[in-house]
Every structure is written in structure tokens, then in C-alpha cells.
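Inspection log for the structure reproduced underneath, given as C-alpha cells.
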Amino acid sequence: MCINEDFGKIWRKRCKQDACGEILNRLSRRIFMQGNVRPDTMERITTKALAEKFIDEQIAELRAQIGDKKVLLALSGGVDSSVVAALLIKAVGQQLVCVHVNHGLLRKGEPEQVVDVFRNQMNANLIYVDAVDRFLDKLAGVAEPEKKRKIIGAEFIRVFEEEARKLDGIEFLAQGTIYPDILESDGVKAHHNVGGLPEDLRFELVEPVKLLFKDEVRMVGKTLGLPDSMVFRQPFPGPGLGVRCLGAITRERLEAVRESDAILREEFAKNGLEGKVWQYFTVVPDFKSVGVKDGKRTFAYPVIIRAVNTTDAMTATVEDIPFALLQRITARITSEVENINRVLYDVTPKPPATIEWE
Ligand code: XMP
């Protein structure tokens, strides 16, 4: 089993309150009816040719299921929802309505990439919702990690629901359910039942990649022409940067998390660590330390770097980042990111630490 499948399982178990598009999948309880069991004879999609065959079959099936009706999809920009969007665009074009909720906790460039890839390049019917102020206002002053998660998850559903209510004639809800979601699903509930959404907003589900494992979803995504940065992106928690801006989130520290994360990702990519290290990110705590810049005393926040490897996210080891690279990243972060005067490297494995700080 590939690491990402394992990873998916664990985080689904621990996290019922996600903030991105895939989150709706987890909130929903799936039905173990026919069609939800991967046949033993189903060939693993390991090549582009097999992916093309799958895509053709799915397009035919999606057209048969949807007819001339409309489909709604929460598009986070994560692998699963992006692949579902790309498949549906091929199958039913403008009958698909994608909703991308920018909750302000995404990484640098992510909302822009969703708009660019889906609206500009794929001509998708995309509703972009700028909900940044709304989320940050709700989160103001909330320091407890699980409370932050709950607020983000609940607010996401509320925003999505509001958008759904504005639309006429939607009969289907597409979800990026993948096979590990089904294997991990803990209940059999009624068909058309989407958890999180109110009773009067129940749609028939469209789940074209529900029998696929993560590596197959990636192969299909690549074959559909999605960019590598979307298809092969490292795991990113639903509550996003919200759990990396420790304690009560402030815009100032959130910006520092976003900017330092972008620098870390850029340097990892330049130095061959992208795709090699399982997960890497920065964290900004809510305390300051004294420093000195241009001969003047500073009192600013530190950035903590985390870079770990794992097969199942239950345990993790720390990447042995070359010291020269750490120094370079430190120099860049302290000179390019506002309100930061110190960089630390978290060398703690899991256990005893968790991967995320919150
Ligand atoms: P921890 O911190 O528990 O993280 O060692 C294990 C993996 O799960 C991810 N993670 C989350 N993913 N929603 C998610 O979708 C969450 O609330 C959440 N919390 C942690 C984390 O990034 C790591 O890959």
C-alpha cells in the first residue's frame, strides 16, 4: 500500500472537521451498495494508457448518470477534488459548477492556481468565494487547536451551503471520494445522504474516482493534464495554515507562515528535496524573542521548520537537511519575511511529537 493511502486513512480517522473540498467527503457517510467494492479483477492504473481507458469509461458513465443536469463540486485544489473536476469538465463541461472557497488558510499561490488551471485553462464554471475575512473573524481570539479545527470545518460547510442555495437546478454533488475513504468508512447510511449539509440540500452523489487508490488518482490526474504541483503535492491538512499559526491566529503571523512556507518549498524544490521528503512546512508560534538587525534591537516571532518522512503518518522521522541548506533558508526567511528574527529546526520524531504542532 502506498504511503498516501495510509496517510489518508489516518487523517480521516483523526479529522472529522476539515476545511477543504475533500472534507465534505469525509463528513459524508458512504453507502456500501453495489458499486462501492473494488472488483478483484480491476487492474491497477499504473500507466497513462490504463488511465486513458479509465477516463474514457468514466466520461461515458458520467454522461449517462448526469444527462443534462447540473453538478456541484467543492474544489479545494487538492488532488482528489481536482481530478474529479477535470474528469467532469471533460464529461459534462459547463454543467459542472465548481465552488472554490478561499478561507485564507491556503498556501501561497494556491487559490490563484485553482482559478488559473480550472477557470482560465480548462474553462470551468468556477465560483471563487473570497471568505478570508469571514474565517479570520470567526477565528479571532480562538487559541485552542481543536476549537480552531471545528470553526474552520463548520464555517466551510456554511459557506458552501450558501453558495449551493444561490444556484438553481443542481441535482448532483460530486465528491473526490477515493477507495481508502470507502475502506475506512464507518457506516452504511442512506443513499443521497451528504453529511454536513442540511436535510433540504441533499443531492445525488457523483464519485468517479471512488474505486481508485491515491497513486491511481494521481496517474489519472497527470493524464488529464493537471499540473504536477497539483497532482503530486505533499499532504496538506484541511485546516491548512490555521494549525501552523499557533494559538490565536493573527493576520501578521499568518502572513509570516505563508511567506516562510513558500520560501521553504522553493528551496526544497531547488535542492532536490521536493518529492523526496514526505511533508515539510513552517510554523509560527505566538511568542517573540529578542534579536538584532542593522544595529537595532528587534522583538519578533521565530519560524520553526518541520520536515518529516513517514509511511503511515503514525510515526515519523526527521529529514536530515544539509546544514548549508538550513543556513540558506534561515538567511532568506529572516531577511524576506516580515516580523521574523529567528529560525529553528524541529528535530523531534513522532512520537513523542506529532507532525503538526497543533
Ligand atoms: P499529526 O500532527 O497528527 O499529523 O502527526 C499526521 C498527518 O495528518 C495531517 N493532519 C491533518 N489533516 N486535517 C487534515 O486533513 C487535520 O485536522 C489534520 N491534522 C493533522 C498532518 O498534516 C500529517 O500529515
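The values are calculated or read from the model by the stated rules, or taken from the named source; none is laboratory data. Keep in mind that this is a model prediction, so the values were computed, not measured. We place every Cβ from the backbone using ideal geometry, glycine too, and count neighbours over all the protein chains shown.
Could you please find all residues in region 215-232 being touching a Gly at 6+ places or on another chain (Cβ under 6 Å) and acidic (Asp, Glu)?
Answer for region 215-232, where residues must be touching a Gly at 6+ places or on another chain (Cβ under 6 Å) and acidic (Asp, Glu): there is none.
Looking at the structure I just gave you, is LEU226 away from the ligand (no atom under 16 Å from the Cβ), at pLDDT 95 or above, outside any helix (DSSP H, G or I) and of a type outside the set (S, T, N, Q)?
Here the answer is yes, as LEU226 does meet what is asked.
Counting only residues that are touching a helix residue (DSSP H, G or I) at 6+ places or on another chain (Cβ under 8 Å) and either surrounded by fewer than 19 Cβ atoms within 10 Å (Cβ to Cβ) or farther than 24 Å from THR348 by Cβ (or both), how many does region 274-286 have?
3
Only one residue in SER260, SER289 is exposed (fewer than 15 other Cβ atoms within 10 Å of the Cβ), at pLDDT 95 or above and of a type in the set (Ser, Thr, Tyr), so which one is that?
SER289
Here are some conditions: (1) surrounded by fewer than 23 Cβ atoms within 10 Å (Cβ to Cβ); (2) within 16 Å of the ligand (Cβ to nearest atom); (3) farther than 24 Å from THR315 by Cβ. PHE236 meets all but one. Which one does it not meet?
Checking PHE236 against (1) surrounded by fewer than 23 Cβ atoms within 10 Å (Cβ to Cβ); (2) within 16 Å of the ligand (Cβ to nearest atom); (3) farther than 24 Å from THR315 by Cβ, the one that fails is (3).
Please list, ordered by residue number, the strands (runs of 3 or more DSSP E) wholly in region 242-358 having 2 or more residues that are within 16 Å of the ligand (Cβ to nearest atom).
279-283, 296-309
Has region 144-159 got any residue that is assigned to a strand (DSSP E or B) and either surrounded by fewer than 18 Cβ atoms within 10 Å (Cβ to Cβ) or touching a Pro at 6+ places or on another chain (Cβ under 9 Å) (or both)?
no
Select, from VAL71, VAL117, the only residue that is crowded, with 16+ Cβ neighbours inside 10 Å, among the hydrophobic types (A, V, I, L, M, F, W, C), in contact with a strand residue (DSSP E or B) (Cβ under 8 Å, 6 or more places away or on another chain) and not assigned by TED's automatic domain parsing to the domain that holds SER260.
VAL71
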